[in-house]
Structure formats: structure tokens, C-alpha cells
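The values are calculated or read from the model by the stated rules, or taken from the named source; none is laboratory data. These figures come from a predicted structure and were not determined experimentally. Here the Cβ positions follow ideal geometry from the backbone for every residue, glycine too, while neighbour counts run over all protein chains shown. Side chains are part of the model used for accessible areas, which takes the heavy atoms of the whole protein and leaves out ligands, DNA and RNA. Shrake-Rupley method; radii C 1.70, N 1.55, O 1.52, S 1.80 Å.
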Amino acid sequence: MDKGTNENIRGLNKPKASLNDRPVRIVRYDIKKEDEGMTVREYLNTRVRFSNRQISSLKFRADGIVVNGRTRRVTCILYEGDVLEIGLKDAGNEYLEPGDFTEPPEILFEDSDLLIVNKPQGMVCHPSPGHYSDTLANQVAYYAKSKNENWTIRLIGRLDSDTSGILVFAKNSETSALLTKQREEGDMEKTYIALCEGVIENKNGYVDARIKRDEDNLGKMKIAEDGKDAVTYYEVIKRGRDSTLLNIRIKHGRTHQIRIHMAHIGHPLINDPFYGRGTKDDHTMLHAKTMKICHPFTKENMFIEAPLPDIMKEYILRM
């Protein structure tokens, strides 16, 4: 079929969607030769592993399915070199499948506005390519459904998949906006426990080094003068023969900030597969342990603490 004469590529009458239905995150896929001839539906089913329900939700969302910059139908034929973009909704139970969860997350605090949980190591925070129904957000969606509640699910901050510890979910957009502002202004204070390679002699210290994405290594960050400001403060809790246990606070909260900063000073985190000597099957020794937060409506100053995962407790005992 001639690409230029494909009616699915040309004229299109899609139902209008309100501005509130517009996605807040776009995922891009570059179509390869082996995918040529597939429809958008077939591609999302087989390559992305979207469910039919997820695909249907895209059809009626503004900018839900875009090919080469133009809104398309699920019957649109794809060709090598095409760029398929799908708009994912970052909030709302109707866009989050409960998945196969049968247990709620580990809850540290909950009221009508907040849900604060202890994320386990190895779990992705929010749906992304390759993880559409097995994330912490999906587990929270299951929990909301099990309570017959339909509050909005909004994640305030994130943790790497192999980092454990405290994460905050807002149950409504007003709470989300207020907590996001708290976080941006530095009023939401989180401390981390980290195990590093080597012995750090100084009791206290800090790393002030700008960070940017590493264009040559997908998913990694690097230290660069033209990067974004980032400061990491550390305090030694315990020293072992060849490792150091640290209490860490960060300013700015950049992607991989603690991991790359500690590697930058010659003490990468134990089991870190990106910046240390770990493998993809290891759990990086990093845990978000405590958080100080002001409740957005009651104005109560709250202190939340998450217990360490067993693997970190065992390692600390062996130091």
C-alpha cells in the first residue's frame, strides 16, 4: 500500500476532548523495519503490551495517539521511520489498572488527603515502557479499588526502582499542588540511609557538583559544568573494614543524585549497577528512611519513618 494514499494516515474525525483530558506525559516509539505494516493497535498490543482497555482510553484522549506529529486512529498503518507518541495520564484511577496485586502497599500514614508508603526495592514507581500494571502506583490503585474509593492518584517525587523507602501519594489535585510546592521550596525534608564502598574518613561532608543526562549512556547521568545544580550532604554513621554507612540529605533532588555524587568522590553505593560494581540483579544500598512534612490542610508538622529492608539490615550487621 502506498504510504501517501493510506486513508488512515490522512483524514480523521476524532471526538473532541477537553483540556482536562490532555496527557501530562508523552512516551515516544521509533518504528523499526520489523514493525512496518502493523496498525497502531497491533503495535501497542504486541510491542508495548498495552491491554485493550488501555488502548481504548488513548482513543478518546486528546493527543492520546500521535504519529509523526498528527493525531491518528488505532487502525493507522505504521512504517519504518515513523514516530509514534502516546499520551499517558499521570493521575486518576481510570487510567491505572490494579494489576494482579492482592495485597496493599506497606502504609506508613493515611488520611483523606495523603497516602504515605514504604516502597520495596525492585519496584518501579509509576507506569512506564515495560511496566504498565506492576508498579507501586498500580498497587495503590488496587488498594483504592479494594476500599471502593475513587480518589485521584498523584505521586509526589519518585525513587529509582532499586531504591526503597518513603513515597507520598496525594489523593486529590489540591493536595498534590500544595505538596509539590512544599517539595520545590525545600520544606519537605527527606533523609536517606546509604552504604558506600570504601572507608570515608571525614565525619561530615558534602558534594556540590552539577548534574546532567549522559547523552552517550542511556539512563545514566553525569557530572557537568553545564548541568543542573545539585548538593548532597552526608554524615558517617558507621565504618566497616571496606564500607561506610551514611546518613544523607540532598538539595534539589536530581535524578540519580546521591548515586552519582558518591561515585564522583570515589565512594559509589554498594551494588550500584550504574555507577558502582553492582549488576542489574543487585539491589543498590539506598533507602529513603525519614521524612518531615507539613500536612497541607491541618498544618501539622509530621515525621514519617520507614524501616530498612532486610538486605540492608543484614549487611549493616556484618560491617
Only residues that are assigned to a strand (DSSP E or B) and either out of contact with any helix residue (DSSP H, G or I) (no Cβ under 8 Å at 6 or more places or on another chain) or open to solvent by 20 Å² or more (accessible area, probe 1.4 Å) (or both): list them for the range 110-139, please.
Glu110, Ile116, Asn118, Ser128, His131
Please determine, by comparing only the residues of the range 227-254 that are open to solvent by 60 Å² or more (accessible area, probe 1.4 Å) and within 24 Å of the chain's Cα centre (by Cα), which one is modelled with the lowest pLDDT.
His252
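Per-residue answers, yes or no, for (1) within 21 Å of Ala209 (Cβ to Cβ); (2) in contact with a His (Cβ under 8 Å, 6 or more places away or on another chain):
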| position | (1), (2) |
| --- | --- |
| Gln257 | yes, no |
| Met262 | yes, no |
| Gly266 | yes, no |
| Phe274 | yes, yes |
| Thr290 | no, no |
| Pro296 | no, no |
| Met302 | no, yes |
| Ile311 | no, yes |
| Tyr315 | no, no |
Please state which one of Met285, Met302, Met312, Met291 is buried (at least 19 other Cβ atoms within 10 Å of the Cβ), among the aliphatic types (A, V, I, L, M) and closer than 14 Å to Phe109 by Cα.
Met291
Restricting the range 28-45 to residues that are out of contact with any Phe, Trp or Tyr (no Cβ under 6 Å at 6 or more places or on another chain) and among the hydrophobic types (A, V, I, L, M, F, W, C), which is farthest from Val66 (Cα to Cα)?
Met38
Mind checking whether some residue in the range 211-226 is open to solvent by less than 20 Å² (accessible area, probe 1.4 Å) and free of Cβ contacts under 8 Å to residues at least 24 places away in the same chain?
yes
Can you tell me which residue is nearest to the chain's Cα centre (by Cα) among those in the range 158-186 that are surrounded by 15 or more Cβ atoms within 10 Å (Cβ to Cβ) and aliphatic (A, V, I, L, M)?
Leu159
Residue among Ser164, Ser176 that is touching a Lys or Arg at 6+ places or on another chain (Cβ under 9 Å), touching a residue at least 60 places away in the same chain (Cβ under 8 Å) and more than 25 Å from Arg259 (Cα to Cα)
Ser176
From the list Leu155, Leu78, Leu84, which residue is open to solvent by 30 Å² or more (accessible area, probe 1.4 Å), aliphatic (A, V, I, L, M), touching a strand residue (DSSP E or B) at 6+ places or on another chain (Cβ under 7 Å) and closer than 23 Å to Ile26 by Cα?
Leu155
Which listed residue is modelled with pLDDT of 95 or more and among the β-branched types (Val, Ile, Thr), from Ile311, Ile270
Ile270
